[in-house]
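Encoded as structure tokens, the structure appears first; notes follow it.
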Amino acid sequence: MSSSLPAQAAFYRPAEVARLLHCSEWWVKEQARRRRIPFTWIGGRYLFTAEHVAEIVQRFEVRPVDPVSTVVTAARAPGRSVMEDGEPTVRLTARLPRRVRAASNPAA
């Protein structure tokens, strides 16, 4: 007589999924709570199957929009001091914190 029960499914807990995805357990639970990732809710716990984990990876996969636009040209290279239209760029510098300014100027 054959059993009518399905084959035993392997479930992963949020901590195990977090280790597989190299993220935090909090992130996994938060995404499940917000219904952004697939999960199974059994016994008041988030449980995940291997199919769920594969779907999570697919949902958060980012593909390049245009392979040509990923090439950095000389005009767009970071750290350029002249914009494409020939105008020089203005380099911003951070102000010293108030406590440092006060320590260097005791009269103020």
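Order the peptides 96-104, 52-60 from the highest to the lowest mean number of other Cβ atoms within 10 Å of their residues. Working shown, then result.
Values: 96-104: 9.7, 52-60: 14.0.
Taking the mean over residues of other Cβ atoms within 10 Å, the ranking is 52-60, 96-104.
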I need the shape label for segment 14-59. Rule: rounded when a/c is under 1.5, else prolate if a/b > b/c, else oblate, with a, b, c from the alpha carbon gyration tensor. rounded
The answer for Tyr12, listing residues at least 5 apart or on another chain whose modeled amide H is closer than 5 Å to its amide H, is Phe48, Thr49
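Since every read-out is calculated from the coordinates, none of them should be taken as a lab result. Note that the structure is a prediction, hence the values are computed from the model and not measured. So basically every Cβ, Gly included, is an ideal-geometry build from the backbone, and we count neighbours across all protein chains shown.
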